[in-house]
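Undergrad: The structure is given below, and queries will be raised subsequently.
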Amino acid sequence: MQTMTRGQLAKKTGVSMATLRYYEDSGILPAPHRSSNGYREYTEDYLVKVKFIKGAQTLGYSLKAIKETLELLSNEDMEKETLKTLVRERITDIQQHIEHLEQMQKQLAGLLLVPEDEIDSYIQSFRVEKKEP
């Protein structure tokens, strides 16, 4: 089995060496095997894991959630239905987030319809008169 250094893994995945170190230190990635000279030896499965992490981050997953998911995926008892359930839950979370953002958008759009004098009054309510000593 061919291995690679941290630098090679970083280059292949587009992730910095510092980020890889962080992933290892925080337990998101398992510690790699070390060669007799002490160098870390990454196998091809690290490519898959790092690409998974990057992809999950772009979908809005937190590193904590990614770590938990990787732990579940590495569990030999993981079944396809369990994975599908996780995906369905994430879809539901995203839909709720979209609905919340749409609600915020409507509220903000409504603020643009407020009369100018009310806006001036609102802004003035935040200003405190400075008293001379």
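Undergrad: Restricting to region 1-17, name every residue that is hydrophobic (A, V, I, L, M, F, W, C), open to solvent by less than 60 Å² (accessible area, probe 1.4 Å) and not in a loop (DSSP other than H, G, I, E, B). Break it down stepwise before answering.
TA: Applying the first criterion (hydrophobic (A, V, I, L, M, F, W, C)) to region 1-17 yields 1, 4, 9-10, 15, 17.
Going one step further and asking which of them are open to solvent by less than 60 Å² (accessible area, probe 1.4 Å), we end up with 4, 9-10, 15.
Result: M4, L9, A10.
Undergrad: Here is a further query. Return the total of residues in region 92-120 being at pLDDT 90 or above and under 30 Å from Y46 (Cα atoms).
TA: Of the residues in region 92-120, 1 are at pLDDT 90 or above and under 30 Å from Y46 (Cα atoms).
Undergrad: Check whether at least one residue in region 46-58 is out of contact with any Gly (no Cβ under 8 Å at 6 or more places or on another chain) and either outside any helix (DSSP H, G or I) or farther than 28 Å from A10 by Cα (or both), and report yes or no.
TA: Quick first cut of region 46-58, residues out of contact with any Gly (no Cβ under 8 Å at 6 or more places or on another chain) only: 46-53, 55-58.
Now drop any that are not either outside any helix (DSSP H, G or I) or farther than 28 Å from A10 by Cα (or both), which leaves none.
Scanning region 46-58, I find no residue that is out of contact with any Gly (no Cβ under 8 Å at 6 or more places or on another chain) and either outside any helix (DSSP H, G or I) or farther than 28 Å from A10 by Cα (or both), so the answer is no.
Undergrad: Pick from region 18-43 the residues that are open to solvent by less than 90 Å² (accessible area, probe 1.4 Å) and part of a helix (DSSP H, G or I): which of them is farthest from E68 (Cα to Cα)?
TA: A18
Undergrad: Can you pull out the residues in region 44-71 that are of a type in the set (S, T, N, Q) and open to solvent by 70 Å² or more (accessible area, probe 1.4 Å)? Spell out how you get there, then give the answer.
TA: Start the filter on region 44-71 by keeping residues that are of a type in the set (S, T, N, Q), which leaves 57-58, 62, 69.
Those that are of a type in the set (S, T, N, Q) and open to solvent by 70 Å² or more (accessible area, probe 1.4 Å): Q57, T58.
Undergrad: Can T82 be described as in a helix (DSSP H, G or I), modelled with pLDDT under 90 and either open to solvent by less than 100 Å² (accessible area, probe 1.4 Å) or touching a helix residue (DSSP H, G or I) at 6+ places or on another chain (Cβ under 6 Å) (or both)?
TA: Working: in a helix (DSSP H, G or I): yes; modelled with pLDDT under 90: yes; either open to solvent by less than 100 Å² (accessible area, probe 1.4 Å) or touching a helix residue (DSSP H, G or I) at 6+ places or on another chain (Cβ under 6 Å) (or both): yes.
Taking the combined requirement at face value, the residue satisfies it.
Undergrad: Hey, another quick one. For a quick check of your reading of the model, give me the residue pairs whose first member lies in region 42-63 and is on the phi > 0 side of the Ramachandran plot, whose second is open to solvent by 60 Å² or more (accessible area, probe 1.4 Å) and of a type in the set (A, V, I, L, M, F, W, C), with beta-carbon atoms closer than 6 Å and at least 6 apart or on different chains.
TA: Within 6 Å, no pair qualifies.
The values are calculated or read from the model by the stated rules, or taken from the named source; none is laboratory data. Just so it is clear, the model here is predicted, and its values are computed rather than measured. Using ideal geometry, Cβ is built from the backbone for each residue, glycine included, and neighbour counts are taken over all protein chains shown. SASA here: full protein model, heavy atoms, side chains in, ligands and nucleic acids out. Shrake-Rupley method; radii C 1.70, N 1.55, O 1.52, S 1.80 Å.
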